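In what follows, a structure is listed as structure tokens, so that the remarks can point back to it.
The values are calculated or read from the model by the stated rules, or taken from the named source; none is laboratory data. Fair warning: this is a prediction, and the values are worked out from it, not measured in the lab. Cβ atoms come from the backbone with ideal geometry, glycine included; neighbour counts cover every protein chain shown. Remember, those area values only see protein heavy atoms, side chains included, never the ligands or the DNA or RNA. Shrake-Rupley method; radii C 1.70, N 1.55, O 1.52, S 1.80 Å.
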Amino acid sequence: MSPPPRVPFFDAATQQRSVMAETQAAIQEVLDQARFIVGPQVGEFERAFAGFVGVGHAVGVSSGLDALRLALSAVDVGPGDEVILPANTYIATALAVSAVGARPVLVDCDPRTYLIDCGQIASAITPGTKAVIPVHLTGQAADMDSVLGLAGAHGLHVVEDAAQAHGTTYRDRSCGTLGTLGCFSFYPSKNLGACGDAGMVTTGDDRLADRVRRLRKYHHVEKGVNARLDTLQAAILSVRLRRLAAWNQARIEHASSYRRLLADVGDLTFQEQTPSSNHVYHLLVVETERRDALREHLRAAGVETGVHYPVPIHLQPAYQDLGYKPGDFPNAERLAVRMLSLPMFPELRPDQIEFVADQVGQFFDGAAQR
Ligand SMILES: *Cc1c(COP(=O)(O)O)cnc(C)c1O
């Protein structure tokens, strides 16, 4: 077995140890009550999460992908419809559109913020367009004034992909409250993660909340699916939600340490921060011409990194049927070969950040000397 990395990309075990006793108590309570399917812990977590986000309704579902899928179904997106989303996102955003039988229509991203380029949305709208999915990628909000303006003008629904944006605010309003519906993932490595798969749909609309509640389970009135939030995961998530604000704050501090320590590294560019949003740093992304070599240098030094995402949606094998080709979304393609996500999680220690920064500095110094 190879030794554990000196700096992991994400450290689920350390995070779990920090909430172990409370988690065990929460699990024991579920076992004692034995109300396993949508037990009281689901409603408790839904209310707590709605309070955290500042939204009327939160409906627990089985994953982030299912949150997106049910949100699209709730606004009647289906076969024959088109849904606009950015080419630079996790493939689940597009898979949700496909899952309801609609067609993903892609637009490029901004080369500096990596978020959907709203200037390109208008030209992607056709009579078939039914919705747009802004993705609050890496923990920053998309330009929602532009998205909502265009959506209003063209009668489109806005389904926010907030899977990386627990605690992200846009002009002081939380992501997940800005569009028609908001969709969260609690995949273990997300800012708020479960001990397995889980997700949430948020909305201020009573009727849509009821609709998502009907769709998440087998139902006689509507053709629902089985996509409920697991009671054990809900109990676990309630414990972790109480730590989320502190965890996000730790991420923000780690990001400013990285920025400070790496400020003088010439060939490295940080993702730009947008003025209208905070940044909860689900990911800390830098860019460099020599990404693969830097990644290998860090790996050899025991530093785990990630690439989010190496293949834009339009070049994914699963999406060849959409008919896009290389060159269609040059900003997303350029990022795919330049982006690198550095280790980022709340429990990251100052000495680990310094070690990563030293190694990055050594890589570029060495390169300068050659
Ligand atoms: C994680 C993620 C999803 C999917 O969430 P799952 O819970 O893994 O299904 C969707 N969109 C984005 C942007 C994500 O990061």
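A few comments on the model shown:
- Failed condition for VAL225, given (1) assigned to a helix (DSSP H, G or I); (2) within 16 Å of the ligand (Cβ to nearest atom): (1)
- Inside region 208-245, residues that are open to solvent by 30 Å² or more (accessible area, probe 1.4 Å), touching an Asp or Glu at 6+ places or on another chain (Cβ under 9 Å) and more than 18 Å from ALA74 (Cβ to Cβ) make up a count of 2.
- Number of residues in region 166-179 that are assigned to a loop (DSSP other than H, G, I, E, B), open to solvent by less than 40 Å² (accessible area, probe 1.4 Å), more than 14 Å from the ligand (Cβ to nearest atom) and more than 13 Å from ALA142 (Cβ to Cβ): the value is 2.
- In region 120-143, the residue that is nearest to VAL285 (Cα to Cα) out of those that are in contact (Cβ under 8 Å) with a residue 40 or more places away in the chain and in a helix (DSSP H, G or I) is THR138.
- Which listed residue, of TYR281, TYR319, is at pLDDT 95 or above, assigned to a helix (DSSP H, G or I) and within 16 Å of the ligand (Cβ to nearest atom): TYR319
- Selection within region 153-165 - over 12 Å from the mean Cα position of the chain (by Cα) and open to solvent by less than 10 Å² (accessible area, probe 1.4 Å): VAL158, VAL159
- For region 250-300, filtered to residues that are of a type in the set (Val, Ile, Thr) and within 20 Å of the chain's Cα centre (by Cα), the residue that is surrounded by the most Cβ atoms within 10 Å (Cβ to Cβ) is VAL280.
- Test for VAL201: is it under 30 Å from GLU347 (Cα atoms), in contact (Cβ under 8 Å) with a residue 60 or more places away in the chain and in contact with a Leu (Cβ under 7 Å, 6 or more places away or on another chain): yes
- Of all the numbered requirements in (1) over 24 Å from GLY266 (Cβ atoms); (2) in contact with a helix residue (DSSP H, G or I) (Cβ under 6 Å, 6 or more places away or on another chain); (3) among the acidic types (Asp, Glu), GLU287 misses one, and that requirement is (1).
- Any hit, region 33-47, residues being of a type in the set (Val, Ile, Thr), modelled with pLDDT under 95 and either under 20 Å from GLY182 (Cβ atoms) or surrounded by fewer than 15 Cβ atoms within 10 Å (Cβ to Cβ) (or both): yes
- From the options ALA71, ALA94, ALA87, ALA58, residue that is within 11 Å of the ligand (Cβ to nearest atom) and open to solvent by less than 10 Å² (accessible area, probe 1.4 Å): ALA94
- Among the residues making up region 49-90, those that are in a loop (DSSP other than H, G, I, E, B) and of a type in the set (A, V, I, L, M, F, W, C) are VAL55, VAL75, VAL77, ALA87.
- All positions within region 199-228 that are of a type in the set (A, V, I, L, M) and farther than 15 Å from GLY182 by Cβ: LEU215, VAL221, VAL225, ALA227
- Residue within region 191-205 that is in contact with a helix residue (DSSP H, G or I) (Cβ under 9 Å, 6 or more places away or on another chain), within 16 Å of the ligand (Cβ to nearest atom) and more than 30 Å from GLN16 (Cα to Cα) present: no
- The lone criterion from (1) touching a Ser or Thr at 6+ places or on another chain (Cβ under 8 Å); (2) outside any helix (DSSP H, G or I) left unmet by ASP328 is number (1).
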